[in-house]
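I have placed the structure first, in the form of structure tokens, so that the comments after it can refer back to it.
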Amino acid sequence: MNRTVFFDMDGTFVDLYGVDNWLEQLIDHDPTPYRIAEPLLDMDRFARSLDRLQRGGFRLGIVSWLAKNSDADYDTAVTREKLAWLKKHLPGVKWDEIIITSFGNAKEQFAHTDRDILFDDEMKNRGSWTGIAYDAGDLIGVLG
Ligand SMILES: [Mg+2]
């Protein structure tokens, strides 16, 4: 199987933590912050990098957590917002897979090969990843 480049969303290319009162709203099970979060990067440039990767034979994946204190209804609402965010801000990107999973789930379980790549702002996720893992700040530097 071709290698997959996986991307976390929140804090990696989605500025969830830049939304005013994001934590209070998540605790209240309000999905709004996921909808109104701004991109952390130039999305046109990011989309071109993703397209180049895909044409180079890499698969493109999202692996993103749901909110910490959640229930089935809130999980559904947050999943909907995350998918809508991707459609709105990266409309031309053809993701090979999109994994929206429970908060805290080990991300390495979703890797397909031990040479898959992860971009993630959480050190713990990078540390447990079996392939190559980069911090969010390295995104443009690594992808160009
Ligand atoms: Mg993150």
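The values are calculated or read from the model by the stated rules, or taken from the named source; none is laboratory data. Note that the coordinates shown come from a computational prediction; the quantities given were computed from them, not determined experimentally. Ideal geometry is used to build each Cβ from the backbone, glycine not excepted, and the neighbour counts take in all protein chains shown.
On the basis of being touching a strand residue (DSSP E or B) at 6+ places or on another chain (Cβ under 8 Å), more than 16 Å from the ligand (Cβ to nearest atom) and among the basic types (Lys, Arg), does Arg80 make the cut?
Values: touching a strand residue (DSSP E or B) at 6+ places or on another chain (Cβ under 8 Å): no; more than 16 Å from the ligand (Cβ to nearest atom): yes; among the basic types (Lys, Arg): yes.
Considered against the rule, which asks whether it is touching a strand residue (DSSP E or B) at 6+ places or on another chain (Cβ under 8 Å), more than 16 Å from the ligand (Cβ to nearest atom) and among the basic types (Lys, Arg), Arg80 comes out as no.
If you scan the stretch 12-39, which residues turn out to be of a type in the set (A, V, I, L, M, F, W, C) and either touching a Gly at 6+ places or on another chain (Cβ under 8 Å) or at positive phi (or both)?
First, pick out the residues of the stretch 12-39 that are of a type in the set (A, V, I, L, M, F, W, C): 13-14, 16, 19, 22-23, 26-27, 36-37.
Ala37 - this is the single residue of the stretch 12-39 that is of a type in the set (A, V, I, L, M, F, W, C) and either touching a Gly at 6+ places or on another chain (Cβ under 8 Å) or at positive phi (or both).
Inside the stretch 1-38, can you point out the residues that are surrounded by fewer than 15 Cβ atoms within 10 Å (Cβ to Cβ) and either under 13 Å from the mean Cα position of the chain (by Cα) or hydroxyl-bearing (Ser, Thr, Tyr) (or both)?
Tyr17
State yes or no: is Leu53 more than 21 Å from Thr79 (Cα to Cα), away from the ligand (no atom under 16 Å from the Cβ) and among the hydrophobic types (A, V, I, L, M, F, W, C)? Lay out the reasoning, then the answer.
On the way: more than 21 Å from Thr79 (Cα to Cα): yes; away from the ligand (no atom under 16 Å from the Cβ): yes; among the hydrophobic types (A, V, I, L, M, F, W, C): yes.
Yes; evaluated as a whole, the condition is true for this residue.
Taking the conditions exactly as written (of a type in the set (A, V, I, L, M, F, W, C), within 13 Å of the ligand (Cβ to nearest atom), closer than 28 Å to Arg115 by Cα and modelled with pLDDT of 95 or more), does Leu40 satisfy them or not? Don't jump to the end; show me each part of the working.
Working: of a type in the set (A, V, I, L, M, F, W, C): yes; within 13 Å of the ligand (Cβ to nearest atom): yes; closer than 28 Å to Arg115 by Cα: yes; modelled with pLDDT of 95 or more: yes.
It is true that Leu40 is of a type in the set (A, V, I, L, M, F, W, C), within 13 Å of the ligand (Cβ to nearest atom), closer than 28 Å to Arg115 by Cα and modelled with pLDDT of 95 or more.
Only one of these conditions is not met by Gly141: (1) more than 14 Å from the ligand (Cβ to nearest atom); (2) part of a helix (DSSP H, G or I); (3) touching a residue at least 24 places away in the same chain (Cβ under 8 Å). Which number is it?
It is condition (3) that Gly141 fails.
On the given criteria, is Gly127 touching a residue at least 60 places away in the same chain (Cβ under 8 Å) and surrounded by fewer than 19 Cβ atoms within 10 Å (Cβ to Cβ)? Before the answer, list the steps.
Details: touching a residue at least 60 places away in the same chain (Cβ under 8 Å): no; surrounded by fewer than 19 Cβ atoms within 10 Å (Cβ to Cβ): yes.
It is false that Gly127 is touching a residue at least 60 places away in the same chain (Cβ under 8 Å) and surrounded by fewer than 19 Cβ atoms within 10 Å (Cβ to Cβ).
Give me the pairs, please: first residue somewhere in the stretch 19-46 and without any contact (Cβ under 8 Å) to a residue 12 or more places away in the chain, second residue anywhere and assigned to a helix (DSSP H, G or I) and among the β-branched types (Val, Ile, Thr), beta-carbon distance under 7 Å, and either six or more positions apart or on two chains.
From the stretch 19-46, the pairs are Gln25/Thr32.
Of the residues in the stretch 69-112, how many are touching a residue at least 40 places away in the same chain (Cβ under 8 Å) and either at positive phi or exposed (fewer than 12 other Cβ atoms within 10 Å of the Cβ) (or both)?
5
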